[in-house]
Amino acid sequence: MNGMVIIGAGEAGVRAALALREGGHRGSITLVGDEPHLPYERPPLSKNYDPRIISPELKVIATEEQLALAEVEHVRGERIVAVDPIAKAVKFSNGTALSYAFLLLATGAIPRRLPMAEPSRHCVYFRTYDDAVAIRSRLGPGLRVVIVGGGFIGLELAASARQCGASVTVIEAQPRILMRGVPAEIAATIGARHERAEVEIVCGVGLADIVDDSDSVTFTLSNGRMVEADLAVIGVGATPVIDLAKAAGLTIENGIAVDSNMRTSDPNIFAAGDCCSFPLAIYGGRRVRLEAWRSAQEHGTLAARNMLGNAEQHCSIPWFWSDQYELGLQVVGLSDEGTSVVRRDIGADCFILFHLAADLRLVAASGIGPINSVARDVRLAEMLIAKKARPAAEMLARPEVKLKSLLES
């Protein structure tokens with residue numbers, strides 16, 4: 001038995017499947033996904049809607065031809081309902097079983113549910129391509145949209161809805177938008193841009209009640225205000241899909257717990273992507289779980305190499321981005337590891353924040369500006385973080401000082 005089975009046909013799963021074959025695996029590779037589509041990229045689903053396009057073309061991760069060339073069997077629209085670590089087998093919902101030599105869990109995450117917000121015509125959750133098409137089909141001038149949650153997905157959808165002519169209200173229970181992982185200065189810049197687009201952002205207010213009837217959905221806020229919508233999108237975070245892992249007895253710690261090789265508590269089972277938590281070497285082994293496109297790519301490829309017998313350590317640095325209107329936001333590293341911040345102003349609504357630890361080591365950088373305007377500097381900052389560099393604060397603050405020169409010195 002030398003077959004490899006991957007549960008989850010998203011970014012991590014597909015990258016792992018292709019890397020297994022590229023790494024010389026000669027046995028079978030089975031990639032199991034519960035959606036009917038080819039594996040596709042999720043980030044474009046919430047960004048910059050063209051109001052003329054209701055059903056966007058899927059941006060696939062791998063075509064049928066690429067999967068066939070790599071001899072990867074892609075099982076679409078099927079669910080695995082159980083993992084048997086003793087027998088080294090997975091069980092499908094139709095009762096059939098499939099044995100494995102090594103198993104990769106790339107099950108991702110699903111939208112966190114609000115107990116009072118049941119899915120309906122007026123109240124929806126967003127994760128899949130089909131969700132995106134359903135939302136796009138409703139958007140247009142005059143539609144009243146409420147976004148519950150001021151995180152990345154919610155705000156990207158808010159921008160897209162405004163581009164389609166809908167009126168938009170964002171409701172965020174936290175004191176500000178983008179509370180997780182984004183500095184207040186950058187969140188304020190994003191918030192101001194939404195306000196210029198006539199998006200109403202309501203922060204620091206919870207939900208007291210939701211009434212969903214045949215015509216609309218009405219939110220009663222904790223301050224007594226009532227907001228009515230034709231369409232409400234609930235975006236209050238995501239939870240890792242851990243059911244199979246938990247039932248199989250794997251260690252769970254803010255997701256499926258893996259070591260620096262992406263191996264779970266079972267030596268023959270690995271995990272990758274949004275579903276798992278892992279130690280970050282650059283931050284002293286701090287365990288994190290990331291819902292990020294690049295992280296899923298890196299996890300899948302690393303897990304595949306280690307499923308083939310290597311012992312490579314996870315050593316990359318977190319990076320994520322968001323595009324809203326003409327602004328692009330990029331964050332590298334964990335900003336909460338910093339104790340001080342140095343700001344570099346580049347232009348109007350364009351700046352980078354450098355986050356320094358108590359020992360003056362650069363631990364993160366957060367940038368915003370016209371799309372791609374901060375990409376190069378954020379990439380150089382990532383290289384400085386990897387080197388555990390301690391660049392002088394006064395040099396970081398001066399836009400005329402090239403970060404490349406700090407890297408070289």
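The values are calculated or read from the model by the stated rules, or taken from the named source; none is laboratory data. Fair warning: this is a prediction, and the values are worked out from it, not measured in the lab. Cβ: placed from backbone, ideal geometry, glycine included. Neighbour counts: every protein chain shown. In case anyone asks, the SASA skips ligands and DNA or RNA and just uses the protein heavy atoms, side chains included. Shrake-Rupley method; radii C 1.70, N 1.55, O 1.52, S 1.80 Å.
Every condition in (1) open to solvent by 30 Å² or more (accessible area, probe 1.4 Å); (2) touching a strand residue (DSSP E or B) at 6+ places or on another chain (Cβ under 8 Å); (3) farther than 25 Å from VAL211 by Cβ; (4) free of Cβ contacts under 8 Å to residues at least 60 places away in the same chain is met by THR107 except one, and the failing one is (4).
For segment 322-338, taking the residues that are touching a strand residue (DSSP E or B) at 6+ places or on another chain (Cβ under 9 Å) and closer than 16 Å to ASP349 by Cα, the one that is surrounded by the fewest Cβ atoms within 10 Å (Cβ to Cβ) is identified as GLU326.
Based on this model, can you work out whether PRO44 counts as part of a loop (DSSP other than H, G, I, E, B), open to solvent by 30 Å² or more (accessible area, probe 1.4 Å) and not charged (D, E, K, R)? So PRO44 fails the test. Looking at the structure I just gave you, is GLU65 under 16 Å from ILE6 (Cβ atoms) and among the charged types (D, E, K, R)? Criteria not met by GLU65. A residue that is β-branched (Val, Ile, Thr) and under 23 Å from ASP274 (Cβ atoms) occurs nowhere in segment 63-71.
Residues in segment 263-297 that are in a helix (DSSP H, G or I) and touching a residue at least 60 places away in the same chain (Cβ under 8 Å) were compared, and the one that is most open to solvent (accessible area, probe 1.4 Å) is TRP293.
Would you mind stating whether LEU207 is under 26 Å from THR239 (Cβ atoms), buried (at least 17 other Cβ atoms within 10 Å of the Cβ) and either under 20 Å from the mean Cα position of the chain (by Cα) or free of Cβ contacts under 8 Å to residues at least 12 places away in the same chain (or both)? Spell out the reasoning first.
Numbers: under 26 Å from THR239 (Cβ atoms): yes; buried (at least 17 other Cβ atoms within 10 Å of the Cβ): yes; either under 20 Å from the mean Cα position of the chain (by Cα) or free of Cβ contacts under 8 Å to residues at least 12 places away in the same chain (or both): no.
No: the conditions fail for LEU207.
Specify which of the listed residues (ALA364, ALA358) is open to solvent by 50 Å² or more (accessible area, probe 1.4 Å), aliphatic (A, V, I, L, M), within 27 Å of GLY285 (Cβ to Cβ) and without any contact (Cβ under 8 Å) to a residue 60 or more places away in the chain. That would be ALA358, the only listed residue that is open to solvent by 50 Å² or more (accessible area, probe 1.4 Å), aliphatic (A, V, I, L, M), within 27 Å of GLY285 (Cβ to Cβ) and without any contact (Cβ under 8 Å) to a residue 60 or more places away in the chain.
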